[in-house]
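Enquirer: This is the structure, below, for whatever I ask next.
The values are calculated or read from the model by the stated rules, or taken from the named source; none is laboratory data. Keep in mind the model is a prediction, meaning the values are calculated, not measured. Note: ideal-geometry Cβ built from the backbone for every residue, glycine included; neighbour counts use all protein chains shown.
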Amino acid sequence: MPPKAAKGEYIETVSSSPLSTPVKPTDTNASLQSQEPLSNTHQDTGNKISRRSQIHGTQHIILGGKTVIQAEAVIRGDLYRLPSTPASTDPNNPPQPSTAPSVAITVGRYSYISKGAILRPPSRLHRGVHSYYPLKIGDHVFVGESAVVEAASLGNHVHVGARATVGSMAIIKDFSVVLDGAVVPPGMVVPSWCVVGGRPARIVGEVGEGYGVEGAEGGLARERYRAVGRS
Amino acid sequence: MSRPFPYTYVSCPCANTPVPDPAKKRRSRDSPQKPTPERTDPDDKDNKKQPENTPEEEVDEEEEEQTFDPRSPRSNFSLYPPEQLLYCEDCHQIKCPRCITEEIVSWYCPNCLFETPSSMVKGDANRCGRNCFNCPVCTSPLSVSTIENVAGKGNGQGPWVLSCAYCLWTTLDIGIKFDKPTNIRNQLQKMTDSTSAPTFDTRSRQGSRAFSDLKSPLSNLASFDEPVSTPTGSGEQVKENETDSPPLGVEARFAALKNFYRNQISETSTSPNDPLGSDLGFSSPGALNRLMSLYASSSRLGGLYGGNKKQKSKPPVMREAINASEGLRIAPENADAAIIERLSSPDCGWDGVASLSQRAEQSPDVRFVDDLLPLPVLLRTKRAKRCKSCKHILVKPETKPQSTRFRIRLIALSYIPLPSLRPLALPTSSLIPAPAPDLNALPPLRPVHVLLTLKNHMFDPVRITLATPSVTPGRVASKVTILSPQFDIGPNSDVWDEALQGASAPVTTDPRAGGLRAAEKVPEAGKVWDKGRNWTTVVLEVIPGTLPGSEADAGKEGIDEDEIAVAAQQDEDVLEIPVFVHMEWDAEAQLEQQNVGKASKPDDLVARELAYWMVLGVGRITAAL
């Protein structure tokens with residue numbers, strides 16, 4: 001699959017070789033990202049990233065490959081965890097570049113970040129220090145339009161509906177569904193196969209046993225990926 | 001319908017056969033019928049089921065005279081998304097949640113994901129016995145945090161509170177602090193079990209004492225709910241508090257009452273080995289005996305029962321609790337007045353009164369937000385599922401709460417072909433440009449082509465026959481034609497082939513593949529649209545009907561807004577196509593053929609068939625042309 005011409009909406013990462021770095025979304029958000037070093041940690045291939053997305057701190061983001069990031073999505077890789085320092089440092093200050101870049105956001109394969117969604121690493125006040133924790137997103141995850149995800153982890157085959165909010169340090173286990181517009185309170189744990197909805201979100205049901213089967217509900221990630229950038 | 005268009009639902013056959021019966025299939029196979037093609041008047045807006053036959057052959061259902069109506073009230077109970085359905089290999093039938101029974105495999109807390117042993121579930125009142133609590137105000141989970149955290153000292157010490165990160169409620173609002181960050185539920189129980197008075201500051205100290213007061217005289221109880229933790233030296237306090245003990249908490253009072261009545265029953269029961277002393281005593285035959293003897297001796301009917309008056313002469317009498325240690329609580333004289341006064345006081349107000357939904361989870365006396373207690377998280381279960389008719393296990397999840405795997409999982413998708421629906425953008429109809437039709441606004445009377453893909457998950461090739469009523473039931477009659485109703489689907493094979501082929505396969509159907517390519521490919525009757533290794537796509541031609549009262553409706557001038565509104569309200573404008581699927585395949589004979597001992601021959605094939613209705617939700621029809 002040759003890399004698409006720069007005119008297309010999507011940047012497709014081709015291989016994990018350094019060649020792929022020039023086609024990182026830095027050219028779209030030049031003002032935001034030109035200062036960033038280009039040592040991108042996108043590891044696998046076939047990611048489709050809209051040029052109109054806003055990705056900050058790319059060196060702290062790992063995309064698992066075949067990840068789709070749609071326009072106007074905001075991914076805050078710049079909110080990474082600082083190496084353990086004395087409690088006096090303010091994490092909001094621009095940090096001195098650390099030698100080993102800590103990972104802020106991990107996104108698995110075939111995950112789909114819809115238009116206008118925001119991925120933000122969770123943060124917590126621990127022993128008086130406000131620090132960020134990594135946000136892990138599994139495979140085949142769908143994040144709906146304008147959703148805000150601040151979870152500690154989203155498992156595999158998780159569906160986050162449009163305009164939903166997943167609060168800080170929440171844990172969404174595999175094969176669970178967050179309904180549209182739900183507000184998952186911070187720190188909530190959603191067990192597998194559960195459907196949560198409402199404000200604040202509660203468990204309102206369970207998905208069927210066939211959820212996540214390829215091609216059925218919860219297993220449409222490959223199709224979704226293929227459809228991107230074709231029309 | 002809650003799903004976005006296009007969607008597909010599969011109807012479980014159980015809706016028409018109240019008792020799932022494995023013999024039903026055999027009967028239906030023996031009586032194949034070839035219904036004659038028959039057209040009904042498309043203008044017939046009758047809302048009832050139309051006795052209309054499908055033009056396909058071999059529609060061998062028992063109720064072949066009636067097509068499936070997705071709008072009939074019964075359909076609500078039989079239509080399921082395909083992934084919800086199971087399949088019983090013994091009955092050879094689709095199983096919906098109504099035709100299975102469930103049994104609990106394990107209990108677990110949805111918050112900490114720890115399994116609770118079944119022996120402890122009852123004792124813990126079906127709630128998590130650890131640190132998991134829900135906010136009594138907003139139901140979101142509470143987290144244990146130390147008060148010192150805010151101050152920045154941060155040595156993990158100090159009093160702990162439960163705090164809600166959603167509505168910012170904390171247990172400080174009701175004056176509760178915890179000494180340790182662990183075993184919060186026990187700590188809370190000790191605090192709340194004794195006093196229900198709103199003097200929360202003295203709660204913990206007084207509480208634990210009163211708790212022990214209660215505990216020590218009753219410590220011989222077998223099934224007392226709380227773990228016994230009797231402090232030493234409470235012996236004297238028992239005596240001095242017997243007369244004026246503080247009011248008991250709800251749980252303690254319940255325990256006291258339970259104990260009291262258990263004693264009463266054991267004292268008043270006549271037979272020596274009466275099982276009344278144990279749990280559920282009143283439902284036992286002994287209780288019946290006692291009641292019978294009560295009635296028999298107090299009336300002249302006693303003579304009828306053997307006339308043995310010596311035994312029944314003195315019926316045992318149960319008394320009620322008469323003091324607080326037995327669980328009696330006398331309502332305070334001015335309780336209501338105090339409540340009313342507090343309700344009307346300015347510092348309570350609307351916000352201080354607990355809402356109905358908040359009170360529903362609390363003890364009955366709770367009226368104010370200040371009295372709300374954190375709720376231990378209710379446990380959830382993992383359940384195995386069995387076929388109701390043959391009792392075979394269909395789903396058996398692994399016991400561990402964290403695991404998402406199944407020991408047994410017979411889902412319908414492994415057997416029935418997975419339907420998926422997609423609109424086809426065709427530049428054929430000259431006037432309409434190519435973009436895919438907006439499924440939420442289908443113009444009436446304009447043909448739409450939808451692609452129905454059936455994907456086989458079995459390892460045997462399948463012959464499919466589709467049938468649909470030529471006019472959809474309901475008030476909005478849309479015409480539907482399946483261009484190639486009979487086709488084969490190849491067998492499923494290894495997952496890797498799927499992964500390797502998948503990327504390139506559907507491109508052929510894609511309109512982007514060049515205007516030329518799309519233009520030269522037109523839906524043809526009798527030809528499948530596309531075919532892959534284990535899937536086949538056919539074209540459905542749909543002519544959406546007109547909404548009653550719209551301008552497209554014949555014989556009407558102008559738009560009748562009211563009627564359209566009515567139609568939209570009842571989802572009459574949703575274009576749903578019932579499709580009858582009949583599938584045949586040759587399956588390998590399995591163990592039920594009793595050839596366990598000898599190796600089964602590979603060509604030992606059994607013809608299988610399965611038939612069901614499914615509903616394709618294509619889109620919503622607009623009123624305007």
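Enquirer: Quick check on region B:452-461. Is at least one of its residues in a helix (DSSP H, G or I) and either within 14 Å of chain A (Cβ to nearest Cβ) or modelled with pLDDT of 75 or more (or both)? Steps first, answer last, please.
Expert: As a first pass, look at region B:452-461 and keep what is in a helix (DSSP H, G or I): none.
So far as region B:452-461 goes, no, none of its residues is in a helix (DSSP H, G or I) and either within 14 Å of chain A (Cβ to nearest Cβ) or modelled with pLDDT of 75 or more (or both).
Enquirer: Looking at region B:364-375, can you tell me whether even one residue there is loosely packed, with under 15 Cβ neighbours inside 10 Å and outside any strand (DSSP E or B)?
Expert: If we filter region B:364-375 for residues that are loosely packed, with under 15 Cβ neighbours inside 10 Å, which is where we start, we get B:364-365.
With outside any strand (DSSP E or B) added as a condition, the list becomes B:364-365.
Yes: one or more hits.
Enquirer: Go through (1) modelled with pLDDT under 90; (2) in contact with a helix residue (DSSP H, G or I) (Cβ under 7 Å, 6 or more places away or on another chain) for residue B:344 and report which single condition fails.
Expert: Residue B:344 satisfies all of (1) modelled with pLDDT under 90; (2) in contact with a helix residue (DSSP H, G or I) (Cβ under 7 Å, 6 or more places away or on another chain) except (2).
Enquirer: Which condition from (1) more than 7 Å from chain B (Cβ to nearest Cβ); (2) out of contact with any strand residue (DSSP E or B) (no Cβ under 6 Å at 6 or more places or on another chain); (3) assigned to a loop (DSSP other than H, G, I, E, B); (4) without any contact (Cβ under 8 Å) to a residue 60 or more places away in the chain is the one that residue A:199 breaks?
Expert: Unmet condition: (2).
Enquirer: Which pairs do you get when a residue that is farther than 22 Å from residue A:173 by Cα, found in region B:112-129, comes within reach of a residue that is of a type outside the set (A, V, I, L, M, F, W, C) and at pLDDT 90 or above, reach meaning Cβ atoms under 8 angstrom, with the pair 6+ apart or on two chains?
Expert: Partner pairs satisfying both residue conditions: B:118/B:106; B:124/B:116; B:124/B:376; B:125/B:376.
Enquirer: Can you find a residue in region B:358-373 that is in contact with a strand residue (DSSP E or B) (Cβ under 8 Å, 6 or more places away or on another chain) and at the interface with chain A (Cβ under 10 Å from one of its Cβ atoms)?
Expert: No: region B:358-373 contains no residue that is in contact with a strand residue (DSSP E or B) (Cβ under 8 Å, 6 or more places away or on another chain) and at the interface with chain A (Cβ under 10 Å from one of its Cβ atoms).
Enquirer: So, in region B:61-120, of the ones that are in a helix (DSSP H, G or I) and within 12 Å of chain A (Cβ to nearest Cβ), which residue ends up surrounded by the fewest Cβ atoms within 10 Å (Cβ to Cβ)?
Expert: Filtering region B:61-120 for residues in a helix (DSSP H, G or I) gives B:73-77, B:82-84, B:97-99, B:118-120.
Filter again for within 12 Å of chain A (Cβ to nearest Cβ), leaving B:82-84, B:97.
Details: B:82: 25, B:83: 22, B:84: 23, B:97: 15.
Here the residue is B:97.
Enquirer: With the structure loaded, tell me whether residue B:40 is polar (S, T, N, Q), modelled with pLDDT under 85, in contact with a strand residue (DSSP E or B) (Cβ under 9 Å, 6 or more places away or on another chain) and outside the structural domain of residue B:545 (by TED's automatic domain parsing) or whether it fails that test.
Expert: Details: polar (S, T, N, Q): yes; modelled with pLDDT under 85: yes; in contact with a strand residue (DSSP E or B) (Cβ under 9 Å, 6 or more places away or on another chain): yes; outside the structural domain of residue B:545 (by TED's automatic domain parsing): yes.
Spelling it out, residue B:40 is indeed polar (S, T, N, Q), modelled with pLDDT under 85, in contact with a strand residue (DSSP E or B) (Cβ under 9 Å, 6 or more places away or on another chain) and outside the structural domain of residue B:545 (by TED's automatic domain parsing).
Enquirer: Ok, one more. Quick check on region B:298-313. Is at least one of its residues surrounded by 13 or more Cβ atoms within 10 Å (Cβ to Cβ), out of contact with any Asp or Glu (no Cβ under 9 Å at 6 or more places or on another chain) and at pLDDT 55 or above?
Expert: Scanning region B:298-313 turns up no residue that is surrounded by 13 or more Cβ atoms within 10 Å (Cβ to Cβ), out of contact with any Asp or Glu (no Cβ under 9 Å at 6 or more places or on another chain) and at pLDDT 55 or above.
Enquirer: Take the residues of region A:172-196 that are facing chain B (nearest Cβ under 9 Å), under 14 Å from residue B:113 (Cα atoms) and not in a loop (DSSP other than H, G, I, E, B): which is farthest from the chain's Cα centre (by Cα)?
Expert: If we filter region A:172-196 for residues that are facing chain B (nearest Cβ under 9 Å), which is where we start, we get A:173-175, A:183-194.
In the following step, the residues that additionally are under 14 Å from residue B:113 (Cα atoms) were identified as A:173-174, A:187-194.
Next cut, not in a loop (DSSP other than H, G, I, E, B) only: A:189-190, A:194.
Numbers: A:189: 18, A:190: 18, A:194: 21 Å.
Out of the qualifying residues, it is A:194.
Enquirer: Take region B:397-416 and flag every residue that is more than 10 Å from every other protein chain (Cβ to nearest Cβ) and buried (at least 22 other Cβ atoms within 10 Å of the Cβ).
Expert: B:415, B:416
Each row is one residue, and each column tells you yes or no for (1) under 19 Å from residue B:133 (Cβ atoms); (2) buried (at least 20 other Cβ atoms within 10 Å of the Cβ).
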residue: A:154; (1), (2): no, yes
residue: A:165; (1), (2): no, yes
residue: A:178; (1), (2): no, yes
residue: A:181; (1), (2): no, no
residue: A:189; (1), (2): yes, yes
residue: A:198; (1), (2): yes, no
residue: A:209; (1), (2): no, yes
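Enquirer: Take the residues in region A:109-157 that are part of a strand (DSSP E or B) and among the aromatic types (Phe, Trp, Tyr), then tell me which one is nearest to the other protein chains (Cβ to nearest Cβ). Let's see the steps before the verdict.
Expert: First pass over region A:109-157, keeping only residues part of a strand (DSSP E or B): A:112-113, A:118-119, A:123-126, A:129-132, A:135-137, A:142-143, A:148-149, A:153-154.
So of that shortlist, the ones also among the aromatic types (Phe, Trp, Tyr) come out as A:112, A:132, A:142.
On the way: A:112: 15, A:132: 17, A:142: 13 Å.
The selected residue is A:142.
Enquirer: Do you know which of the residues in region B:377-396 that are facing chain A (nearest Cβ under 10 Å) and among the charged types (D, E, K, R) is surrounded by the fewest Cβ atoms within 10 Å (Cβ to Cβ)?
Expert: B:383
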